[in-house]
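To keep things clear, I will list the structure first and then write my remarks on it.
The values are calculated or read from the model by the stated rules, or taken from the named source; none is laboratory data. Because the structure is predicted, anything quoted here is derived from the model rather than measured. Using ideal geometry, Cβ is built from the backbone for each residue, glycine included, and neighbour counts are taken over all protein chains shown.
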Amino acid sequence: MTINSPDALESIRQEALKALSVREESNHSGKAEAAGLDKGTPHLQILCCGGTGCKASESATIVENFRASLSAHGIADKVDVIVPGCFGFCEKGPIVKIVPDNTFYTSVRPADVEEIVTSHIIGGNKVERLLYTDPGTGQHISDSKHMNFYRKQLRIALRNCGFIDPENILEYIARDGYKALATSLMRDSLDVLADIKASGLRGRGGAGFPTGVKWEIARKFDAPDKYVVCNADEGDPGAFMDRSIMEGDPNSVIEAMMICGYCINAHHGLIYIRAEYPLAVHRLQVAIGQAREYGLLGKNILGTGFDFDIEIRYGAGAFVCGEETALIHSMEGKRGEPTLKPPFPAEAGYFGHPTNVNNVETLANVPVILTKGPQWFASIGTEKSKGTKVFALAGKINNVGLIEVPMGTTLREIIYDIGGGVKGGKKFKAVQTGGPSGGCLTEKHLDIPIDYESLAAAGSMMGSGGMIVMDEDDCMVSVAKFFLEFTVGESCGKCTPCRIGNKRMLEILDKITQGRGTLEDLDTLENLAKVIKDTALCGLGQTSPNPVLSTLANFREEYVEHVQNHVCRAHKCKALLTYSIDPDLCKGCSACARGCPAEAIAGEVRKPFSINSEKCIRCGMCLSRCKFGAIKVF
Amino acid sequence: MKVSCEALRQVEAICRKFKNDPGELISILHECQNTLGYLPEEVQRVIARELGIPASKVYGVVTFYSFFSMVPKGKYPVSVCLGTACYVRGSDKVLEEFKRVLGIEVGETTPDGKFSLDCLRCVGACGLAPVATIGEKVYGRLNPSDIKKIVAEFDG
């Protein structure tokens, strides 16, 4: 069936809205009373998270179990099972949400399904033990709206994630999907572009270049074949924003690419996506297929004469391909090496054709900016950074997950209010933003309202949105080394500063963690870092020293301790550690010996055990297993 | 290891499906690896001939991207996530333990062809960190002491 005019789209939307109305209404009204078939609720919906994180915890089995159970009870016609994208609260996954009463079940196991069906779906009694417990008050919270994790969030790019079925284009249309495209195609493309400029939207991939300006430049280069490229090569380790958007709301990316195409006079779209994201690839393929089926991709879209189609290109695991020139080379079937700009891709990109590259999250903002207006978007955020930012909050934090907050939110709000503070009551040490190109910020930075400028001024960067929290057990020299190992492995090898400079820096860091470093090494490290920053060819090289520079600036005393006292206060640098058992404290329970993977601990039960330091691999297993504090580390 | 004639014919067919277009090299390599499990030299030479480009170009691309492998993977490919979230929750120790238990280094396959060991950067299940995957199955909240038991599950 083809949607051949904006009016036809509107009538489809009205029709599609019916299926979504239960969810929409419960979202606004938020009834606390449990719904159930026996209580007279005519229809219920079960939303079972289908994001990668929850799938890793058997959410697919949970879905199967729900379907089987509903059939067995003969109520499959009264209850829908929907598999939306990521809800964001990954720490408590798998998530199952019931509407109309908006009950948010956490950490659901396949075995819990039957109880949810009989007790809640049929009986109308919530399963208390699966509700979220507020760590502060100890109270159960049933509706996610009232959880601290969600309260300070504002979900714009993630507006449909965890709400609609990403494999059903009609649900996207019901949520005003393709409306921005329809209205844009009726307007002058220059006016549409002016709206994007006025919204103040900036690139969410890291650099923060104004999106409207980028489109304006791309528009200037006239050519028969022009390309809109979606950069979905999310390579930052520990970042999964773009993946979640593609898994949860693939149509928003497709719609935005078409609007971009209309603004810059391009008719070809390419999505460059990591092959490591099979689920996101699948959801995109489904979405593209459905959009074509409805005539929303292809020739003469909505009867306006505008043509646009999208193809998917696969990455093959190279971090540098996030850089736009490298990405373009990779799409051309070559090694993903960056080239000097100019010429910018806007002038000569994919096979020499003018090309505009935008990141997934940037694109996901575009349709909603146009439906709600640029002023609305510009009213959110800080002076220079408008709108919201999605962060993948992870590491030593209580609430690992995907969050979206207005620009200008402080790190403290994110880590303590949304993230629930540091895991295990440990002391906060640092938060790493911007991935391998970013830096580590400390306690003193917690109250900075975050935006592109403030993070850069503090020695880090926004990056694509990875945010890793570290506690007192993390060694900052090792963290810097970890990131440098990553960059050295991912350096394409084209320019000398990055290929050789980073390798030298890594060697020095390795020396320091082995306890062989000198104070002069710290100066050399700093000098090298600055030279690489100034001279490397592309963004990867220019930013690769950031983790070293920021840890040197904020945690210099830890470097000095490693070098002068041969001490790693976090007990991470193995070469600086010795494990032993205090015979006065050891009860001879053998827990350490049984847990030791190297079989380095021996002894007789009820007598003090001892560690063979030659066999000991310093893994710390004994330390974590001893209940009597008898394991000593020096 | 010798690649069968049948496999090489499959490679030719894949190249032709993509109209022998050098611009499609990466897509072709993906499909060949999906079909054969790895990309040995003979396969790369056939692709080069079909596409009319030097074998060195194909080799250059295969070795550039970490997703492509020139050695066959084990029956149970083990991948330990070394993303930052997993790293700060101790994935380095999990990796060490896998190396020790399997007796191989990263990028290697056990002599019986059963297990291969690799690292990857973020599965996206950061809530379960540290994470490793064996085949399609994801193992979360790992402790080095779990590894022996997990490997034994597959060793039977």
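General observations
- Set B:Val62, B:Val71: member being modelled with pLDDT of 95 or more and either in a loop (DSSP other than H, G, I, E, B) or touching a Leu at 6+ places or on another chain (Cβ under 6 Å) (or both): B:Val62
- Scanning the stretch A:138-149 turns up no residue that is closer than 28 Å to A:Pro374 by Cβ and in a loop (DSSP other than H, G, I, E, B).
- Qualifying residue in the stretch A:232-247 (condition: closer than 16 Å to A:Leu327 by Cβ and assigned to a strand (DSSP E or B)): yes
- Qualifying residue in the stretch B:25-34 (condition: crowded, with 16+ Cβ neighbours inside 10 Å, of a type outside the set (Phe, Trp, Tyr) and more than 11 Å from chain A (Cβ to nearest Cβ)): yes
- Criterion (of a type in the set (Val, Ile, Thr), within 12 Å of chain B (Cβ to nearest Cβ) and not in a helix (DSSP H, G or I)) met by exactly one of A:Val431, A:Val405, A:Val390: A:Val431
- Selection count where residues are more than 10 Å from chain A (Cβ to nearest Cβ) and in contact with a helix residue (DSSP H, G or I) (Cβ under 7 Å, 6 or more places away or on another chain), scope the stretch B:115-130: 3
- Residues (in a helix (DSSP H, G or I) and either of a type in the set (D, E, K, R) or modelled with pLDDT under 95 (or both)) located in the stretch B:37-59: B:Glu41, B:Glu42, B:Arg45, B:Arg49, B:Glu50, B:Lys57
- Note on the stretch A:511-566: residues that are over 29 Å from A:Thr325 (Cβ atoms) and not in a helix (DSSP H, G or I) amount to 7.
- Filtered by the rule that a residue be of a type in the set (Gly, Ala, Ser), more than 28 Å from A:Cys440 (Cβ to Cβ) and within 9 Å of chain A (Cβ to nearest Cβ), the stretch B:61-110 gives no residues.
- Single residue of A:Gly336, A:Gly317 found to be in a loop (DSSP other than H, G, I, E, B), surrounded by 24 or more Cβ atoms within 10 Å (Cβ to Cβ) and in contact (Cβ under 8 Å) with a residue 24 or more places away in the chain: A:Gly336
- Of all residues making up the stretch A:32-63, the number that are over 19 Å from the mean Cα position of the chain (by Cα) and either part of a helix (DSSP H, G or I) or of a type in the set (S, T, N, Q) (or both): 10
- Of everything in the stretch A:441-492 that is assigned to a loop (DSSP other than H, G, I, E, B) and without any contact (Cβ under 8 Å) to a residue 40 or more places away in the chain, the residue that is farthest from the other protein chains (Cβ to nearest Cβ) is A:Asp447.
- All positions within the stretch A:341-367 that are more than 14 Å from chain B (Cβ to nearest Cβ), in contact with a helix residue (DSSP H, G or I) (Cβ under 8 Å, 6 or more places away or on another chain) and farther than 24 Å from A:Pro250 by Cα: A:Lys341, A:Phe344, A:Pro345, A:Ala346, A:Pro354
- Counted residues, the stretch B:108-156 - those being in a loop (DSSP other than H, G, I, E, B), at pLDDT 90 or above and either within 18 Å of the chain's Cα centre (by Cα) or farther than 24 Å from A:Glu58 by Cβ (or both): 7
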